[in-house]
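**Student:** Please find one structure pasted underneath; my questions will follow.
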Amino acid sequence: METLLYAKSLECIACGETYDLAEVIYGCRRCGHLLEVRYDTKAITENIEPSVLDSRKIRSMWRYFELLPVDISKAVSLGEGFTPLVKAERISKSIGAKELYLKLDFSCPTGSFKDRGSAILASKAAQLGATKLAIDSSGNAATSLAAYSARINRQCYVFTPSYASTNKLSQASITGAHVIRIRGTRRDVYETTIRACKEFGWYYCGFQTNPFASEGMKTIAFELCEQMEWVAPERIVFPVGTGSGLVGCWNGIRMMLNLGWIREPSSLVCVQPEGCAPIARAYEHGSRKIEGVDHPKTVAEGLMIGHPLKGEMVLRALEESRGVATAVSDDEILDAAKLLARSEGFFVEPSSAASIAGLRSLIEQGRIDQDERIVCILTGAGLKTPETYRALLQPVPEISPSVDELRRLLAGT
């Protein structure tokens, strides 16, 4: 027996045109803008409240299944979500924040927060009868979708830029996915993938335009608020590439406000690397138009989206949440990665460390009140990009099994 779905339609964010949830569509046919899932909020309010979750045994993002666009009886899951939220006292003191928490989304099954979106995408693809899935990604989304495709025995085609991390590509390949490198920019990768999907009839699961990708990301907001006794933090800090995480999180915050689950919203923070900061630049200039970056360059490869198609949606979320955006240097990102590892013990990839770098910069500039309760989202594991950190590592000594030799070694440290 199917569970009741409260998701009702897809709606264009610009003109309001609606489409059926069962339709394979990635953008509005009338005006070309992106689509979002719409829910029957009144029905949810009448039937569900936070207290229902108290006795629920599901310890994954699917504990919020009524607020997702997939029938849970047909859901595809690897156990994603409900990741730890930990207090970071040493980093708080280091950067001047009074109350800082870290959301450890790198602990999702494939090592990144993309699993939240992939779980929804794979579930939707299976329900739509799609047999072959495709995605454009610099790594994390690719490895994630490849894993979920394997879970449902579907073929997955991964299109990735030539600079993508070898570790990430190996992770995708071992699942049996077809990994294809594309020479050119990240935009070239996206356009190639879209052409291939049209040519061969594959289901496009890219986080750039598939309307279901951000739905899984909503659960970050649900989890944070539940973990904080249904009081939203003042700030939620996201590293931003495509923007699917931040946009999804804001949709989750708005939904909880409309349902009366929380009283006050969080303000969102968008952090991008200086070498690829089209959204942050638009925000700084007070523009609603995103000027793309044709040749981005940064150590944070997961954030190298020079032409983010959800950029305007990110700007809208920042405006509605009274949030801010900033750009940080690669040196600031790497320093933040070292700070996370040495102060709290968390090894994350540069794209993930950008959230800490951005927060530290904004506090130093006085753009964020240090007394706020703040959450930084740590999106990806450091083992995905070990090559980035090689220059930062000290040589590892090798000695014989001798206490005397160990004593001499320690005397020189």
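**Student:** Could you tell me what percent of the DSSP beta bridges with both partners in the chain are antiparallel, to the nearest 5?
**Tutor:** DSSP beta bridges in the chain are roughly 30 percent antiparallel.
**Student:** Additional query: For the chain, take the longest principal axis of its alpha carbons; what is the angle in degrees between that and the long axis of helix 311-321, to the nearest 10 within 0 to 90?
**Tutor:** Helix 311-321 and the main axis of the chain meet at about 90 degrees.
**Student:** Now a separate question. Could you calculate the FRET efficiency of HIS33 with ILE399 from 1/(1 + (r/R0)^6), where r is the beta carbon distance between them and R0 is 45 Å, rounded to 0.05?
**Tutor:** Efficiency computed from Cβ-Cβ geometry: 0.10.
**Student:** Considering the alpha-carbon set of region 301-381 alone, what are its Rg and its Dmax in angstrom?
**Tutor:** 13.4, 36
**Student:** Moving on to the next point. Just want the answer: with Cβ charges of +1 for Lys and Arg and -1 for Asp and Glu, which residue in ALA354, ILE180, TYR389 is farthest toward the dipole's positive end in the chain?
**Tutor:** ILE180
**Student:** Where nothing but the Cβ of Lys and Arg (+1) and of Asp and Glu (-1) is charged, how large is the charge dipole of the chain around its Cα centre, in debye to the nearest 20?
**Tutor:** The dipole of the chain has a size of about 640 debye.
**Student:** To continue, here is another question. Put +1 on the Cβ of every Lys and Arg and -1 on every Asp and Glu Cβ in region 198-280; which of TRP261, TRP202, VAL231 then has its Cα farthest towards the positive end of the dipole?
**Tutor:** TRP202
**Student:** While we're on this one: Could you tell me the distance between the Cα centroids of region 350-380 and region 307-338, to the nearest Å?
**Tutor:** Measuring centre to centre over Cα atoms gives 10 Å.
**Student:** Mean-square fluctuation check for the chain, GNM, Cα pairs under 10 Å: which of ALA147, ALA391, ALA353 is largest?
**Tutor:** Of ALA147, ALA391, ALA353, the most mobile in the Gaussian network model is ALA391.
**Student:** Sorted from fewest to most neighbouring beta carbons within 10 Å, what does the list VAL293, VAL52, VAL86 look like?
**Tutor:** By the 10 Å Cβ count, ascending, the order reads VAL52, VAL86, VAL293.
**Student:** Moving on. On a 0 to 90° scale, report how tilted helix 350-364 is relative to the longest principal axis of the chain, with both axes built from alpha carbons and the result rounded to the nearest 10.
**Tutor:** 80
**Student:** With contacts defined as alpha carbon pairs under 8 Å and 6 or more residues apart, what's the relative contact order of region 4-57 in percent?
**Tutor:** 36
**Student:** If you stretched the chain out fully between GLU99 and GLU46, how much longer would it get, using 0.36 nm times the residue separation minus the C-alpha to C-alpha distance?
**Tutor:** Gain on extension, GLU99 to GLU46, equals 15.6 nm.
**Student:** So, one more: Hey, what did the chain get for relative contact order, percent, Cα under 8 Å, at least 6 apart?
**Tutor:** 16
**Student:** Here is a follow-up. Pick out which of ALA141, ALA336, ALA130 has the largest mean-square fluctuation in a Gaussian network model of the chain, springs linking Cα atoms closer than 10 Å.
**Tutor:** Result for the chain, Cα springs under 10 Å: ALA130 fluctuates most.
**Student:** Could you tell me, in Å, what Rg and Dmax come out for the Cα atoms of region 192-280?
**Tutor:** 15.7, 49
**Student:** Sum -39500 (n - 2.57) across every DSSP H segment of at least 4 residues in the chain, then divide by the residue count to get the 222 nm mean residue ellipticity, nearest 500.
**Tutor:** -11000 deg cm²/dmol
**Student:** Shifting gears a bit: Using Cα positions and a limit of under 17 Å, work out the aspartates and glutamates in reach of LYS114, with same-chain residues fewer than 8 apart set aside.
**Tutor:** List returned: GLU80, ASP105, ASP136, GLU215, GLU223, GLU301, GLU349.
**Student:** Also: Kirkwood hydrodynamic radius, the chain, all distinct C-alpha pairs: what's the number in Å?
**Tutor:** Evaluated over the chain, this radius sits at 21.7 Å.
**Student:** Which angle from 0 to 90°, rounded to the nearest 10, does the C-alpha axis of helix 330-344 make with the longest principal axis of the chain?
**Tutor:** That helix lies at roughly 80 degrees to the long axis.
**Student:** Let me ask you something else. Using the structure shown, list the pairs from LYS57/LYS310; LYS132/LYS218; LYS42/LYS87; LYS42/LYS168 with a Cα-Cα distance above 32 Å, or answer none.
**Tutor:** Flagged as over cut-off: LYS57/LYS310; LYS42/LYS87; LYS42/LYS168.
**Student:** Also: Neighbouring Cβ atoms within 10 Å as the yardstick, rank GLU89, GLU199, GLU191 fewest first.
**Tutor:** With the fewest neighbours first, GLU89, GLU199, GLU191 line up as GLU199, GLU89, GLU191.
**Student:** Now a separate question. Given Cβ point charges of +1 (Lys, Arg) and -1 (Asp, Glu) and nothing else, what value in debye, to the nearest 20, does the dipole of region 216-367 about its Cα centre take?
**Tutor:** 380
**Student:** Return TYR163, TYR19, TYR190 ranked ascending by Cβ neighbour count within 10 Å, so the fewest neighbours appear first.
**Tutor:** Ordered by Cβ neighbours within 10 Å, fewest first: TYR163, TYR19, TYR190.
Here, each number is a calculation from the coordinates, and none is a lab measurement. These numbers were taken from a predicted model, which means no experiment stands behind them. Every residue, glycine as well, gets a Cβ built from its backbone with ideal geometry; the counts of neighbours run over all protein chains shown.
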